[in-house]
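The values are calculated or read from the model by the stated rules, or taken from the named source; none is laboratory data. All of these numbers come straight from a predicted model, not from anything done at the bench. All Cβ positions, glycine included, derive from the backbone under ideal geometry; neighbour counts span all protein chains shown.
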Amino acid sequence: MPALFIKRVFAFCIDYMVILVYVVGLYLASTLLHSLNVDLSFESPFHQQLLGFFTLTLPVFLYFFLNEKYRSSTVGKRLMDLVIQKNVLEKKSNIFLRNLLKFLPWEIAHTGVYFLFYFDKHNQEIPIWLWFVLIVPQIVILIYLLSILFSKGKSSLYDLIANTKISLRSS
């Protein structure tokens, strides 16, 4: 297995731990609000989507985007001595597109989960379109992982589209 690929996997795991710390903070905050009788549940899956987007997806997206834009790497990438190549950083829109494509499947899957809970709660049959919304993001993520593996860690499909590459930090 290529060393750059393994470093990218470990960098992602480290970044995922940062995200998990944030998620635990969200859970604790929601538990506190619930104990104060603040009801954050919404009947509509659209309202749940908005709450989830603004409290989870957007902060995680900003963590990756802002770290990569201003520091050329996230915490995980820095610990694994990885950076987004400097010539790419001149075009900040590439970093935005890179992260948008990376997290779009995640957000689509969230949408599917919100609708799945909604249909289940109302004892309604799950429509066929919802299965596509739940399955397609998983396939896209698998393609992303395979593209990273086949490029030996240098780029994923979203890197290719955004014209970005990951490399080892120069000493």
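Structure data summary
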{"read-out": "Exclusive hit being surrounded by 15 or more Cβ atoms within 10 Å (Cβ to Cβ) and either closer than 17 Å to Phe12 by Cα or over 20 Å from the mean Cα position of the chain (by Cα) (or both), set Ile84, Ile143", "value": "Ile84"}
{"read-out": "Qualifying residue in segment 110-125 (condition: more than 30 Å from Phe42 (Cα to Cα), within 18 Å of the chain's Cα centre (by Cα) and not in a loop (DSSP other than H, G, I, E, B))", "value": "no"}
{"read-out": "Every pair of residues 6+ apart whose Cβ atoms lie under 8 Å, when the first sits in segment 119-135 and is closer than 19 Å to Ala109 by Cβ and modelled with pLDDT of 95 or more while the second is of a type in the set (Phe, Trp, Tyr) and loosely packed, with under 12 Cβ neighbours inside 10 Å", "value": "none"}
{"read-out": "Within segment 113-144, tally of residues that are of a type outside the set (Ser, Thr, Tyr) and in contact with a Ser or Thr (Cβ under 8 Å, 6 or more places away or on another chain)", "value": "1"}
{"read-out": "Among residues of segment 153-169, those that are part of a loop (DSSP other than H, G, I, E, B) and in contact (Cβ under 8 Å) with a residue 60 or more places away in the chain, counted", "value": "6"}
{"read-out": "From Leu101, Leu130, residue being surrounded by 15 or more Cβ atoms within 10 Å (Cβ to Cβ) and within 22 Å of Lys7 (Cβ to Cβ)", "value": "Leu101"}
